[in-house]
1. Find how much the distance from residue 56 to residue 170 grows on full extension, using 0.36 nm per residue of separation minus their present alpha carbon separation; answer in nm with one decimal.
2. Residues of segment 327-350 with the amide nitrogen closer than 19 Å to a label point 7 Å from the Cα of residue 178, along Cα-to-Cβ, please.
3. Relative contact order for segment 209-258: what is it in percent, counting Cα pairs under 8 Å that are at least 6 residues apart?
4. Divide, for segment 286-345, the radius of gyration over alpha carbons by 2.2 N^0.38 Å, where N is the residue count.
5. Mind checking which of 43, 264, 379 has the largest fluctuation in a GNM of the chain, springs on alpha carbons under 10 Å?
6. Hey, fewest Cβ within 10 Å first, where do 100, 339, 207 land in order?
7. Expressed as a whole number of Å, what is the distance separating the alpha-carbon centroids of segment 2-29 and segment 355-406?
8. Which FRET efficiency value, to the nearest 0.05, is calculated for residue 365 and residue 235 with the Förster distance at 45 angstrom and r the Cβ-Cβ distance?
Ligand SMILES: Cc1ncc(COP(=O)(O)O)c(C=O)c1O
């Protein structure tokens, strides 16, 4: 007899969708405690499982599209991507095997072909995020440019040092300049065996390193995990001028392309050579295994669906909207004597601290959850906001900040 668990159950799917729209709230601690302590011997069935998990998975989650969501580089995701992700889960394609992913591989190639040219790259592939994208870039650099050292500013994401460590490469950290970008004067003169990692949108402060430094080293990788999508905004694309000269570029669609995790992109100027350098063959494989992952799913499908639904204009509109929200909040902070604004935000990351004797921690405790994060820059702790949510409401956020400052 056929096992009906593997066919669509209309009532079950309808219940799942209703919960998704409703995001049922409940006592999360009690719901967590109600989960069996060990693997249950007998299953309770799908419908009961949906009822039990909805308040945890949906109700218990931070709402990244809420009017006060303004804390991290984690955006809300568009509904078209929810549908595409559900489709993905149901067909479970494995891009390792053309045989079981006959079309999904083409869809990934298509989305890469749409995006790579914006960065001057000729191809690449999806990764689960920019940790793996950065690793893949430095792996290719080691194979193709014989680098033995990685160099980056002290504000680079920790994944650069992690990759160097895993690849057996020496790692050098250089200080930043006044603006918070890599200090060019601190770079060694001879970078002929070095991969230089520049960041387009640092994690803490959203600063773009001087992309004029591209080409100084044997290999230059630009970690554009955060700010890369700005390349698609006619208004802000110029901030990333020069990126097209890089050897490789990492972008995280699960940040400012509003994609569900895990969605990253590694792009190469010469992708044929780079892919060959990071490929392995296996007796059971019909095509070489490119990059770090073995089996992997079709993360490109939600991205392709979003880009098709919104078009270039729709992406740019949402990026511009979030940049405007950041500028609005920064302007209010800059004009308020109770606070110090770190700098004018370059890429929608805002840092500020109270100057009225309050501590950053005490202040943040008064904010709605998910409205702020904190980071240390220039030896000070700062309140940090990231404008990744086009539906954030600066009036509401400002009211919370104003009230907390007293
Ligand atoms: C600039 C930068 N690079 C790399 C990463 C790592 O990306 P992921 O978390 O997708 O692995 C991050 C994450 O925040 C980042 O901000």
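Where a number appears in this text, it was derived from the coordinates with a stated rule and is not lab data. Small disclaimer: the values here were computed from a predicted structure and weren't measured. We place every Cβ from the backbone using ideal geometry, glycine too, and count neighbours over all the protein chains shown.
1. Working: separation 114, 0.36 × 114 = 41.04 nm, distance 4.39 nm.
Net length gain for the segment: 36.6 nm.
2. In segment 327-350, the label zone of residue 178 (backbone N under 19 Å from the point 7 Å along Cα→Cβ) covers 341-346.
3. Details: 62 pairs, mean separation 23.7, N = 50.
Worked out over segment 209-258, it gives 47 percent.
4. 1.93
5. 43
6. Placing the least packed residue first, the sequence is 100, 339, 207.
7. Their Cα centres are 36 Å away from one another.
8. 0.80
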